[in-house]
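*Asks:* Have a look at this one before I ask anything.
The values are calculated or read from the model by the stated rules, or taken from the named source; none is laboratory data. Given the structure is predicted, the values throughout are model-derived calculations rather than measurements. Positions of Cβ are generated from backbone atoms using ideal geometry, with glycine treated the same way; all protein chains shown enter the neighbour counts. These area figures cover heavy atoms from the full protein model, side chains too; ligands, DNA and RNA do not enter into them. Shrake-Rupley method; radii C 1.70, N 1.55, O 1.52, S 1.80 Å.
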Amino acid sequence: MSKKFRTKIIKLDKRQPQENIIRNASKLIRSGEIVAFPTETVYGLGANALNPTSVSKIFEIKGRPADNPLIIHVADMAMLESLVIKIPPKAQRIIKKFWPGPITLVLKKSKIVPEITTGGLNTVAVRMPKNKIARELIKKSGTPIAAPSANISGRPSPTTAIHVRDDLAGKIRLILDGGSTRIGIESTVIDMTRNIPVILRPGGISKEKIENEIGKVCIHDSLLGNNGRKLIIHRSPGMKYQHYSPKAKVMLIEGPENLVKTKIIQLSEKLEAEGKNVRIMTASKSLNVNPKKIQYMGSTFETIARNLFANLRQADKDNIDVIIVQGIQYRNTGFAIMNRLKKAASTKIDTRPKKNQALTHS
Ligand code: TXA
Ligand code: MG
């Protein structure tokens with residue numbers, strides 16, 4: 001797509017977004033244009049969800065495959081009710097506990113939702129964001145807003161307005177700048193059309209937290225490394241595409257800490273001997289390499305998630321050739337972080353002895 005706009009970035013107060021700025025942005029949405037805006041997870045690329053022509057612009061700008069459906073963002077329950085034909089009791093409990101917030105519900109869609117928005121599926125993914133700028137924009141626009149992450153397809157999701165500009169300058173008119181996003185990875189996507197709900201994408205709300213609220217939920221086979229390929233294509237088309245990739249090659253190393261550390265040191269020495277610019281992303285403070293080579297990821301799942309995509313993007317700015325990442329634990333938000341890292345990685349090395357590898361994340 002050619003560049004046709006001068007992209008404006010406008011800063012807002014995220015606690016009290018300036019009304020005139022929101023009003024102007026909502027005018028763009030109502031007139032069928034595209035606006036990038038912050039949510040508490042990542043920045044979104046928004047369009048009127050009910051206007052097929054507007055929604056088609058999102059696919060064009062991102063270079064997104066047409067069968068990868070969008071999440072629709074709502075500001076209140078009336079908007080949700082207009083988009084779906086029913087809200088099962090477990091969905092109501094999730095909404096009561098976690099909305100507004102980083103969890104997206106897949107429900108049976110109503111007739112008003114255009115096919116292009118759902119990639120031809122008879123379900124629709126809906127979420128009510130917590131970020132005030134996002135909520136006010138939806139409210140003032142008077143329409144639900146379809147918004148994928150505001151990156152070029154395949155790149156790490158944007159967590160600042162600058163990340164959005166780096167990917168989309170010239171392709172959109174307006175970026176609302178609400179600072180760095182708080183959570184840093186995308187919402188959890190959960191299919192509520194089944195008796196036992198299925199997590200299709202781990203994210204801001206962990207399986208453990210959801211189960212505390214509604215009892216048993218499943219994790220989609222494809223997320224466990226089993227071969228659920230056919231089902232994925234049917235249930236969550238986005239899962240089949242390569243994702244979150246910086247330009248640098250990402251190598252993910254997992255297994256027992258001592259074996260992982262040895263492997264990381266060996267690998268980085270070998271790559272450097274080949275003349276490669278190497279960075280090591282780790283949550284460990286005791287890796288025995290030159291600290292200049294290390295990008296420390298953080299000490300809690302929350303900080304690791306918040307900085308994850310920014311760290312991947314920073315490596316590109318620093319002309320890194322290879323990012324070696326030390327895997328983290330799969331529990332709670334660690335599961336969603338590892339999901340993003342696995343998708344970003346073109347090489348995954350499991351240092352555990354072979355006979356234990358089949359037990360991964362069981
Ligand atoms: O946190 C988020 O969810 C961010 C912010 C902007 O809200 N949005 C986001 O959108 O991550 P996107 O388009 O990058 O990811 C949407 C995911 C994709 O994996 C897509 O396949 C899935 O949701 N999805 C959307 N509609 C679906 C549906 N009807 N059934 C199953 N999966 C669906
Ligand atoms: Mg995305």
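*Asks:* Ignoring ligands and nucleic acids, what accessible area does His73 show with a 1.4 Å probe (Å², nearest 10)?
*Replies:* Near enough 10 Å² of accessible area.
*Asks:* While we're looking at this one, here's another question. Amide H to amide H, which residues 5 or more places from Val84 or on other chains are under 5 Å from it, using H placed in the peptide plane?
*Replies:* When sequence neighbours closer than 5 places are left aside, the close amide H contacts are Ser110.
*Asks:* So how strong a dipole does region 1-50 carry about its Cα centre when Lys and Arg Cβ are +1 and Asp and Glu Cβ are -1, to the nearest 20 debye? It would help to have the intermediate numbers written out before the result.
*Replies:* On the way: 10 positive and 4 negative charges, 54 e Å.
With only Lys, Arg, Asp and Glu charged at Cβ, the dipole is about 260 debye.
*Asks:* Additional query: Rounding to the nearest 20 debye, state how big the charge dipole of the chain is about its Cα centre with +1 on each Lys and Arg Cβ and -1 on each Asp and Glu Cβ.
*Replies:* On the way: 62 positive and 29 negative charges, 59 e Å.
Using Cβ point charges on Lys, Arg, Asp and Glu, the chain gives about 280 debye.
*Asks:* Given a 1.4 angstrom probe, what's the average accessible area per residue across the chain, in square angstrom?
*Replies:* Values: 16200 Å² over 362 residues.
Here the residues of the chain average 45 Å² of exposed surface.
*Asks:* Taking +1 at the Cβ of each Lys and Arg and -1 at the Cβ of each Asp and Glu, which of Ala305, Ile323, Phe335 sits farthest along the dipole of region 269-362 towards its positive end, judged by Cα position relative to the Cα centre?
*Replies:* With unit charges placed on the Cβ atoms, the residue in question is Phe335.
*Asks:* Going by average Cβ neighbours within 10 Å, how do the peptides 30-41, 102-113 rank, with the highest at the top? The partial results should precede the final answer.
*Replies:* On the way: 30-41: 22.8, 102-113: 20.0.
Sorting 30-41, 102-113 by mean packing, highest first, produces 30-41, 102-113.
*Asks:* If amide H atoms are built 1.01 Å from N in the plane of the peptide, which residues on other chains or at least 5 residues away come under 5 Å of the amide H of Gly154?
*Replies:* Hits under the 5 Å cutoff: Tyr244.
*Asks:* Using the Cα centre of the chain as origin and beta-carbon charges of +1 (Lys, Arg) and -1 (Asp, Glu), tell me which of Gly215, Ile112, Ile294 is placed farthest towards the positive end of the dipole.
*Replies:* Ile112
*Asks:* Say R0 is 35 Å: what FRET efficiency, to the nearest 0.05, do Asn20 and Cys218 get from their beta-carbon distance?
*Replies:* Calculated transfer efficiency: 0.15.
*Asks:* Considering all alpha-carbon pairs of region 8-224, what whole percent are spaced by more than 29 angstrom?
*Replies:* Details: 4371 of 23436 pairs.
Beyond 29 Å sits 19 percent of the P(r) for region 8-224.
*Asks:* So how much slack lies between Met77 and Ile9, counting 0.36 nm per residue of separation and subtracting their Cα-Cα distance, in nm?
*Replies:* Numbers: separation 68, 0.36 × 68 = 24.48 nm, distance 3.04 nm.
Gain on extension, Met77 to Ile9, equals 21.4 nm.
*Asks:* Where the only charges are on Cβ atoms (+1 Lys, Arg; -1 Asp, Glu), what is the dipole of region 8-224 about its Cα centre, to the nearest 20 debye? Numbers along the way, then the final one.
*Replies:* Working: 34 positive and 19 negative charges, 90 e Å.
Dipole magnitude for region 8-224 comes out near 440 debye.
*Asks:* Scale the Cα Rg of the chain by the rule-of-thumb value 2.2 N^0.38 Å and send over the ratio, two decimals. If you can, show how the numbers build up before the last one.
*Replies:* Values: Rg = 20.4 Å, N = 362, 2.2 N^0.38 = 20.6 Å.
Normalised Cα radius of gyration, the chain: 0.99.
*Asks:* Ok, one more. Apply the Karplus curve 6.51 cos²θ - 1.76 cosθ + 1.60, θ = phi - 60°, to the phi angles in region 336-343 and return the couplings in whole Hz, x for Gly and Pro.
*Replies:* 5, 5, 5, 4, 5, 5, 5, 6
*Asks:* Let me ask something else. How big is D, in µm² s⁻¹, for region 249-360 by Stokes-Einstein at 25 °C and 0.890 mPa s if Rh is the Kirkwood radius over C-alpha pairs? Don't skip to the answer; put the middle values down first.
*Replies:* Working: Rh = 14.2 Å.
Answer from the Stokes-Einstein relation: 173 µm²/s.
*Asks:* Report, to the nearest 10°, how far helix 257-273 tilts away from the longest principal axis of the Cα atoms in the chain, using its own Cα long axis and a range of 0 to 90°.
*Replies:* 90 degrees
*Asks:* For region 201-218, what does the Karplus curve 6.51 cos²θ - 1.76 cosθ + 1.60, with θ = phi - 60°, yield as ³J(HN,Hα) per residue in whole Hz, taken in order and with x for Gly and Pro?
*Replies:* Calculated HN-Hα couplings, in order: 9, x, x, x, 10, 6, 4, 4, 5, 5, 5, 4, 8, 10, x, 4, 10, 9 Hz.
*Asks:* For a quick protection proxy, order the peptides 87-99, 179-191 by their average other-Cβ count within 10 Å, most packed first. Don't skip to the end; give the middle numbers.
*Replies:* Values: 87-99: 16.8, 179-191: 23.4.
The packing order, highest mean first, is 179-191, 87-99.
*Asks:* Enumerate the lysines that Lys354 could reach by cross-link, defined here as Cα to Cα under 16 Å, with residues fewer than 8 away along the same chain left out.
*Replies:* Counting by Cα, and skipping residues close in sequence, Lys354 has these lysines nearby: Lys263.
*Asks:* Around Thr104, which amide H atoms from residues at least 5 apart in sequence, or from another chain, sit under 5 Å from its own amide H, with H modelled in the peptide plane?
*Replies:* Amide H neighbours of Thr104: Thr188, Val189, Ile190.
*Asks:* Applying the Karplus parametrisation 6.51 cos²θ - 1.76 cosθ + 1.60 with θ = phi - 60° to the phi angles of region 192-197, what ³J(HN,Hα) value in whole Hz is obtained for each residue in order, glycine and proline being reported as x?
*Replies:* Karplus values, whole Hz, x for Gly and Pro: 9, 8, 10, 4, 9, x.
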